[in-house]
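Written out below as C-alpha coordinates is the structure these notes cover.
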Amino acid sequence: QVQLVESGGGLVQPGGSLRLSCAGAGSIFSINSMGWYRQAPGKQRELVARIFSGGATNYADSVKGRFTISRDNAKNTVNLQMNSLKPEDTAVYYCYVRKNWRDYWGQGIQVTVSS
(Lines give C-alpha, C1' and ligand atoms only; values in the text may rest on other atoms or scores of the structure.)
Protein backbone atom coordinates (compact mmCIF):
# COMPACT_ATOMS: atom_id res chain seq x y z
CA GLN A 1 0.00 0.00 0.00
CA VAL A 2 1.32 3.41 -0.93
CA GLN A 3 0.45 6.45 1.16
CA LEU A 4 2.80 9.31 0.54
CA VAL A 5 3.44 11.97 3.16
CA GLU A 6 5.61 15.00 2.47
CA SER A 7 7.50 16.97 5.09
CA GLY A 8 10.00 19.80 5.30
CA GLY A 9 8.25 22.65 3.56
CA GLY A 10 7.80 26.15 4.89
CA LEU A 11 8.86 29.75 4.51
CA VAL A 12 12.44 30.62 3.62
CA GLN A 13 14.21 33.75 2.46
CA PRO A 14 15.69 34.02 -1.02
CA GLY A 15 19.03 32.26 -1.14
CA GLY A 16 18.05 29.92 1.64
CA SER A 17 17.66 26.15 1.70
CA LEU A 18 14.99 23.59 2.47
CA ARG A 19 14.94 19.83 2.42
CA LEU A 20 11.77 18.01 1.46
CA SER A 21 11.19 14.39 2.34
CA CYS A 22 8.55 11.95 1.22
CA ALA A 23 7.77 8.75 3.07
CA GLY A 24 5.28 5.98 2.55
CA ALA A 25 6.29 4.47 -0.77
CA GLY A 26 6.48 1.00 0.70
CA SER A 27 8.84 -1.57 -0.69
CA ILE A 28 11.29 -0.29 -3.26
CA PHE A 29 10.56 -3.32 -5.37
CA SER A 30 8.46 -2.50 -8.39
CA ILE A 31 9.15 1.22 -8.09
CA ASN A 32 9.80 2.58 -11.56
CA SER A 33 10.54 6.13 -10.51
CA MET A 34 9.87 8.63 -7.74
CA GLY A 35 10.26 12.33 -7.40
CA TRP A 36 8.74 15.75 -7.09
CA TYR A 37 6.42 17.98 -9.04
CA ARG A 38 5.32 21.48 -8.13
CA GLN A 39 2.45 23.77 -8.92
CA ALA A 40 2.50 27.52 -8.51
CA PRO A 41 -0.71 29.57 -8.41
CA GLY A 42 -2.20 29.91 -11.87
CA LYS A 43 0.32 27.55 -13.42
CA GLN A 44 0.34 23.93 -14.49
CA ARG A 45 1.97 21.26 -12.40
CA GLU A 46 5.54 20.73 -13.56
CA LEU A 47 8.22 18.16 -12.98
CA VAL A 48 10.97 19.31 -10.63
CA ALA A 49 13.12 16.22 -10.30
CA ARG A 50 12.85 12.46 -10.44
CA ILE A 51 14.98 9.44 -9.79
CA PHE A 52 14.59 6.16 -11.61
CA SER A 53 14.94 2.66 -10.22
CA GLY A 54 18.45 2.37 -11.59
CA GLY A 55 19.51 5.61 -9.95
CA ALA A 56 19.42 7.92 -12.95
CA THR A 57 18.02 11.36 -12.30
CA ASN A 58 16.64 14.25 -14.23
CA TYR A 59 15.78 17.80 -13.31
CA ALA A 60 13.85 20.72 -14.63
CA ASP A 61 16.22 23.22 -16.25
CA SER A 62 15.11 25.85 -13.77
CA VAL A 63 16.45 23.90 -10.78
CA LYS A 64 19.59 22.28 -12.19
CA GLY A 65 22.59 23.01 -10.03
CA ARG A 66 20.42 24.12 -7.12
CA PHE A 67 18.27 21.10 -6.27
CA THR A 68 19.39 17.54 -5.58
CA ILE A 69 17.12 14.53 -5.44
CA SER A 70 18.11 11.45 -3.48
CA ARG A 71 16.61 8.19 -2.36
CA ASP A 72 17.03 6.38 0.93
CA ASN A 73 16.36 2.74 0.16
CA ALA A 74 16.56 1.71 3.80
CA LYS A 75 13.85 4.17 4.78
CA ASN A 76 11.97 4.05 1.48
CA THR A 77 12.03 7.83 1.25
CA VAL A 78 12.80 10.29 -1.50
CA ASN A 79 14.34 13.62 -0.62
CA LEU A 80 14.78 16.93 -2.36
CA GLN A 81 17.54 19.22 -1.17
CA MET A 82 16.77 22.73 -2.38
CA ASN A 83 19.51 25.34 -2.22
CA SER A 84 19.76 28.91 -3.45
CA LEU A 85 16.00 29.19 -3.40
CA LYS A 86 14.34 31.90 -5.45
CA PRO A 87 10.91 33.50 -5.15
CA GLU A 88 9.91 31.71 -8.35
CA ASP A 89 10.39 28.40 -6.55
CA THR A 90 7.32 29.22 -4.48
CA ALA A 91 4.75 26.50 -5.08
CA VAL A 92 3.03 23.49 -3.64
CA TYR A 93 5.41 20.56 -4.02
CA TYR A 94 4.00 17.10 -4.62
CA CYS A 95 5.79 13.83 -4.10
CA TYR A 96 4.98 11.04 -6.52
CA VAL A 97 5.85 7.39 -6.91
CA ARG A 98 5.38 5.32 -10.03
CA LYS A 99 5.02 1.75 -8.88
CA ASN A 100 4.12 -1.08 -11.20
CA TRP A 101 3.51 1.71 -13.72
CA ARG A 102 0.80 3.27 -11.56
CA ASP A 103 1.22 6.80 -10.18
CA TYR A 104 0.65 7.69 -6.56
CA TRP A 105 0.66 11.24 -5.20
CA GLY A 106 1.14 12.93 -1.88
CA GLN A 107 -1.14 15.69 -0.61
CA GLY A 108 1.40 18.38 -1.37
CA ILE A 109 3.41 20.71 0.82
CA GLN A 110 3.80 24.47 0.56
CA VAL A 111 7.19 26.04 -0.09
CA THR A 112 7.29 29.82 0.04
CA VAL A 113 10.39 31.81 -0.80
CA SER A 114 10.01 35.39 0.30
CA SER A 115 11.81 38.10 2.19
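At residue 107 and residue 70, where each label point lies 7 Å from the Cα along Cα→Cβ, what is the point-to-point distance in nanometres?
In this crude spin-label approximation the distance works out to 2.7 nm.
Amide H of residue 16 versus every other amide H placed in the peptide plane: which residues, excluding those fewer than 5 positions away on the same chain, fall under 5 Å?
85
May I ask for the percentage of alpha-carbon pairs in the chain that lie more than 18 Å from each other?
It works out to 44 percent of all Cα pairs.
For segment 80-101 and segment 18-46, compute the distance between their C-alpha centroids and round to whole Å.
About 6 Å separates the Cα centre of segment 80-101 from the one of segment 18-46.
Please list, or write none, the lysines whose alpha carbon is within less than 27 Å of the alpha carbon of residue 43, excluding same-chain residues fewer than 8 places away.
List returned: 64, 86, 99.
Can you work out ³J(HN,Hα) from phi for every residue in segment 7-15, in order, using Karplus 6.51 cos²θ - 1.76 cosθ + 1.60 and θ = phi - 60°, giving whole Hz and x for Gly and Pro?
For segment 7-15, the Karplus curve yields 8, x, x, x, 9, 9, 7, x, x Hz.
On the full set of protein chains, 1.4 Å probe, figure out the accessible area of residue 75 and give it in Å² to the nearest 10.
Looks like 150 Å² after rounding.
For 102, 19, 66, 71, write out the residues from largest to smallest accessible area, computed with a 1.4 angstrom probe and no ligands counted.
102, 19, 71, 66
About the Cα centre of the chain, what is the dipole size in debye to 20, counting +1 per Lys and Arg Cβ and -1 per Asp and Glu Cβ, all else neutral?
Its charge dipole is roughly 160 debye.
The values are calculated or read from the model by the stated rules, or taken from the named source; none is laboratory data. In this text the structure is predicted, and so the values were computed from the model without any measurement. For neighbour counting, all protein chains shown are included, and Cβ atoms are generated from backbone atoms with ideal geometry for every residue, glycine included. All accessible areas refer to the heavy atoms of the entire protein, side chains included, with ligands and DNA or RNA removed. Shrake-Rupley method; radii C 1.70, N 1.55, O 1.52, S 1.80 Å.
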